[in-house]
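Have a look at the structure below, then the notes.
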Amino acid sequence: MIERPQWFLIKTEEEYDKAVARYEEIKYATEGEDHKEKLLLAHLIDDYGNSIWDLPEVDPVEMIKIRMEDFGYKAADLAAVYGDKGTVSKVLNYKQPLSLTMIRKFSKLLRIPASALVTEYELTGLSHT
């Protein structure tokens, strides 16, 4: 019988990293004990994130820029994760909105709750025809 780790409320970055690593191992489980563990981990990870993130009240693009600075990332680092440097540049310059795929990838990379990246914000330089 496989011995499963016992999960409790996440209180430290080390516990968070372990929970995320385990979640990555079982994220495709659709039934059974792994599925139950996956659901629990998703809740614990989200709860920890909400408890530690004291997010400033800024639009999603500014939030991304702040976190890029926190981690020492450049636009090229985001492009490496997303796969398209031109689109990343347009988003960072308020020329194009974030896509759902970008929100998912940047949320994970920059440790920003996806909910903070879905708020509406103004784009600039768009031609209205």
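The values are calculated or read from the model by the stated rules, or taken from the named source; none is laboratory data. In this text, all values refer to a predicted model and were calculated from it rather than measured experimentally. Virtual Cβ from ideal backbone geometry, glycine too; neighbours counted across all protein chains shown. Only protein heavy atoms, including side chains, enter the accessible area calculation; ligands, DNA and RNA are left aside. Shrake-Rupley method; radii C 1.70, N 1.55, O 1.52, S 1.80 Å.
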| Taking the stretch 106-118 on its own, how many of its residues are in a loop (DSSP other than H, G, I, E, B) and hydrophobic (A, V, I, L, M, F, W, C)? | 2
| request: Filter the stretch 104-129 down to residues that are free of Cβ contacts under 8 Å to residues at least 24 places away in the same chain and not charged (D, E, K, R) and give me whichever is least open to solvent (accessible area, probe 1.4 Å). | output: Ser107
| request: Determine, yes or no, whether Tyr16 is farther than 22 Å from Tyr121 by Cβ, among the aromatic types (Phe, Trp, Tyr) and open to solvent by less than 70 Å² (accessible area, probe 1.4 Å). | output: yes
| said: Please count how many residues of the stretch 75-103 are open to solvent by less than 50 Å² (accessible area, probe 1.4 Å), hydroxyl-bearing (Ser, Thr, Tyr) and in contact (Cβ under 8 Å) with a residue 24 or more places away in the chain. | reply: 1
